[in-house]
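Right, one structure below, let's go through it.
The values are calculated or read from the model by the stated rules, or taken from the named source; none is laboratory data. Fair warning: this is a prediction, and the values are worked out from it, not measured in the lab. We place every Cβ from the backbone using ideal geometry, glycine too, and count neighbours over all the protein chains shown. With ligands, DNA and RNA removed, areas are computed over all heavy atoms of the protein, side chains included. Shrake-Rupley method; radii C 1.70, N 1.55, O 1.52, S 1.80 Å.
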Amino acid sequence: MLDSGISILFEGRNLIRLAQGLWVTAYIAFVSVALSTLLGILVGLAMASRFTVLRAVMRLYLDTI
């Protein structure tokens, strides 16, 4: 019978290392969402500013990014 390869997960510390990698990935995703939300709010507030120069700089930033 052919081996599906799933057994390699249970050899040694592979499953623990995969779980740690999943945690690191989730942490990076959470930090990215938090920072992008904060930056988006700040740029949105700056674009609603009455200062023309600030709005122009934020528009340039937004178009560049």
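Side notes on the structure shown:
- Filtered residues of the stretch 6-16 (kept if open to solvent by 60 Å² or more (accessible area, probe 1.4 Å) and assigned to a helix (DSSP H, G or I)): Ile6, Ile8, Phe10, Leu15, Ile16
- The residues of the stretch 41-62 that are β-branched (Val, Ile, Thr) and open to solvent by 100 Å² or more (accessible area, probe 1.4 Å) amount to a single one, Val53.
- Annotation note: Cβ proximity below 8 Å between a residue of the stretch 17-40 that is open to solvent by 70 Å² or more (accessible area, probe 1.4 Å) and a residue that is in a helix (DSSP H, G or I) and not charged (D, E, K, R) (sequence gap 6+ or interchain) occurs for Leu18/Leu9.
- Verdict on Gly21 being small (Gly, Ala, Ser) and either at pLDDT 95 or above or part of a helix (DSSP H, G or I) (or both): yes
- Residue tally, condition within 19 Å of Ile65 (Cβ to Cβ), hydroxyl-bearing (Ser, Thr, Tyr) and in a helix (DSSP H, G or I), over the stretch 25-55: 3
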